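Undergrad: Before we start, here is the structure in question, set down as structure tokens.
The values are calculated or read from the model by the stated rules, or taken from the named source; none is laboratory data. These numbers were taken from a predicted model, which means no experiment stands behind them. Cβ placement follows ideal geometry from the backbone for every residue including glycine, while neighbour counts extend to all protein chains displayed. These accessible areas exclude ligands, DNA and RNA; they are computed on the full protein's heavy atoms, side chains included. Shrake-Rupley method; radii C 1.70, N 1.55, O 1.52, S 1.80 Å.
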Amino acid sequence: MAVAEQLAQASGSMGVRQASIRRGVSSAYYALFHALCTLCADELVGWSKKGSLPPIYRSLDHGPVSKKLRSREARLIDPAIETIGALFQNLQENRHAADYAPPSALFSRTEALALIDEARDAITLIEGLDAKARLDLAILLLARPRAG
């Protein structure tokens, strides 16, 4: 989060400043995404089994995560997950704009810092989940639904 904030606060020419602000928005989203990857790896494997972590850590897919975080099942785990899902979706949409929109689509420093605060809030909510909710969320995010 500190890197995202430093990028959003960068100075220089308009082009350099805008590129830094966009990278700050993107970094904030990825900080939140990696907080969810960490939650899944920690809950399902544990850091003491470092050799087994990469496949779990790398198992999350961006699109399905957003959908699952905003699902009825997620809300039943803990109401805070609904807020996490809304923040995740907003950050994901803004990250996409920051990474792919034409240069004419500008982000203000104020907008970027607000998005960084949203990512920080979502990470705080994730860290505040109790042990059962953390495990249930990890399972929800990684389990593949089966027809039937």
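Undergrad: Let me spell out the model: positive unit charges on the Cβ of Lys and Arg, negative unit charges on the Cβ of Asp and Glu, origin at the Cα centre of the chain. What dipole size does that give, in debye rounded to 20?
TA: 460
Undergrad: While we're on this one: Once neighbouring chains are kept in place and the probe is 1.4 Å, which whole percent of the accessible area of the chain is contributed by carbon and sulfur?
TA: Numbers: 4490 of 8040 Å².
On the chain, the fraction of accessible area on carbon and sulfur atoms equals 56 percent.
Undergrad: Quick one: Karplus J couplings for the range 76-93, per residue in order, coefficients 6.51, -1.76, 1.60, θ = phi - 60°, nearest Hz, x for Gly and Pro?
TA: Karplus values, whole Hz, x for Gly and Pro: 5, 5, 6, x, 5, 5, 4, 5, 4, x, 5, 5, 4, 4, 4, 5, 4, 5.
Undergrad: For Ser59 and Leu106, FRET efficiency with R0 = 35 Å and r from the beta-carbon atoms, rounded to 0.05?
TA: The calculated FRET efficiency here is 0.50.
Undergrad: A further question on this structure: Over the chain, average the accessible area per residue using a 1.4 Å probe and give it in Å², no decimals.
TA: Per-residue value: 54 Å².
Undergrad: What's the angle, to the nearest 10 degrees (0 to 90), between helix 14-44's Cα axis and the longest principal axis of the chain?
TA: Its long axis makes an angle of about 10 degrees.
Undergrad: Pop out the ³J(HN,Hα) list for the range 136-141 in order, Karplus 6.51 cos²θ - 1.76 cosθ + 1.60 with θ = phi - 60°, rounded to Hz; leave Gly and Pro as x.
TA: Whole-Hz 3J(HN,Hα) from phi for the range 136-141: 4, 5, 4, 5, 4, 5.
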